[in-house]
1. For segment B:42-114, what is the relative contact order in percent, using Cα pairs closer than 8 Å and at least 6 residues apart in sequence?
2. Using a Gaussian network model on chain B with a 10 Å cutoff between Cα atoms, which of B:76, B:21, B:43 fluctuates the most?
3. Provide the FRET efficiency to the nearest 0.05 for the residue A:110-residue A:3 pair, computing r from the beta carbons and using R0 = 25 Å.
4. What residues have an amide H closer than 5 Å to that of residue B:81, excluding those fewer than 5 places away on the same chain, when H is modeled at 1.01 Å from N in the peptide plane?
5. What is the average number of partner chain Cβ atoms found within 10 Å of a Cβ in B:102-109?
6. For chain A, what relative contact order do you get, as a whole percent, if you take Cα pairs closer than 8 Å and at least 6 residues apart?
7. Within 10 Å of each Cβ in peptide A:29-35, how many partner chain Cβ atoms are there on average? Round it to a whole number, please.
8. So, in Å, what gap is there between the alpha-carbon centers of segment A:36-113 and segment B:1-47?
Amino acid sequence: GQQVMQIPQYQHVQEGEDFTTYCNSSTTLSNIQWYKQRPGGHPVFLIQLVKSGEVKKQKRLTFQFGEAKKNSSLHITATQTTDVGTYFCAGGNYGGSQGNLIFGKGTKLSVKP
Amino acid sequence: NAGVTQTPKFQVLKTGQSMTLQCAQDMNHEYMSWYRQDPGMGLRLIHYSVGAGITDQGEVPNGYNVSRSTTEDFPLRLLSAAPSQTSVYFCASSYGSGLNTEAFFGQGTRLTVV
């Protein structure tokens with residue numbers, strides 16, 4: 001079945017350093033979504049990418065969707081302590097329903113002030 | 001709007017007991033789903049529903065039942081709790097086709113089975 005791999009599993013950075021998490025799918029995706037989960041909280045939607053090669057920015061966050069629509073990345077510039085949490089990617093299948101939204105295992109980011 | 005509401009927030013069960021985790025949304029979303037989250041395992045889909053009266057299995061459905069009698073409610077039933085079902089459970093909903101809209105998650109239910 002479809003798998004979505006996410007690396008790294010953990011990342012520890014000093015405040016001000018950059019951070020990147022990568023997401024790779026075994027199959028072509030129709031779209032990819034990114035979520036953030038703060039410690040003790042629930043996942044919160046950040047963004048969705050649909051087009052091949054798409055790049056979107058939200059302040060210090062940059063999201064990319066690969067040309068083959070099989071991989072994606074989230075890059076945070078100059079991390080802050082408020083960036084702490086687990087970042088999940090979630091890939092969707094063509095013609096599927098929400099039931100086919102497959103989550104990666106997440107990257108847990110810790111930021112040392 | 002309350003969004004997605006899950007109850008209870010915490011629950012301790014003894015092995016073999018049954019219980020129902022409640023999930024309700026007030027956004028008139030067609031799509032609802034249940035995930036479990038275990039350390040290092042991410043979010044795994046248990047069951048989902050594309051509308052009232054329609055449910056389907058996800059990745060890890062064994063030991064769980066669901067029903068969707070109304071658009072608003074999507075309860076998850078544990079038939080005979082086992083220690084392996086100790087986890088954090090999240091209910092989520094989205095409008096229309098889940099592929100093209102964001103999923104809204106509830107606050108989660110932390111379940112411990114002893």
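1. Worked out over segment B:42-114, it gives 22 percent.
2. B:43
3. The value I calculate is 0.45.
4. B:16, B:17, B:18
5. Per residue, the average neighbour count from other chains is 5.
6. Computed value for chain A: 36 percent relative contact order.
7. Averaged over the peptide's residues, the number is 2.
8. With segment A:36-113 and segment B:1-47 each reduced to a Cα centre, they are spaced 22 Å.
Bear in mind these aren't lab numbers, they're just calculated from the coordinates by the rules spelled out. Predicted model only: the values in this text are computed from it and were never measured. All Cβ positions, glycine included, derive from the backbone under ideal geometry; neighbour counts span all protein chains shown.
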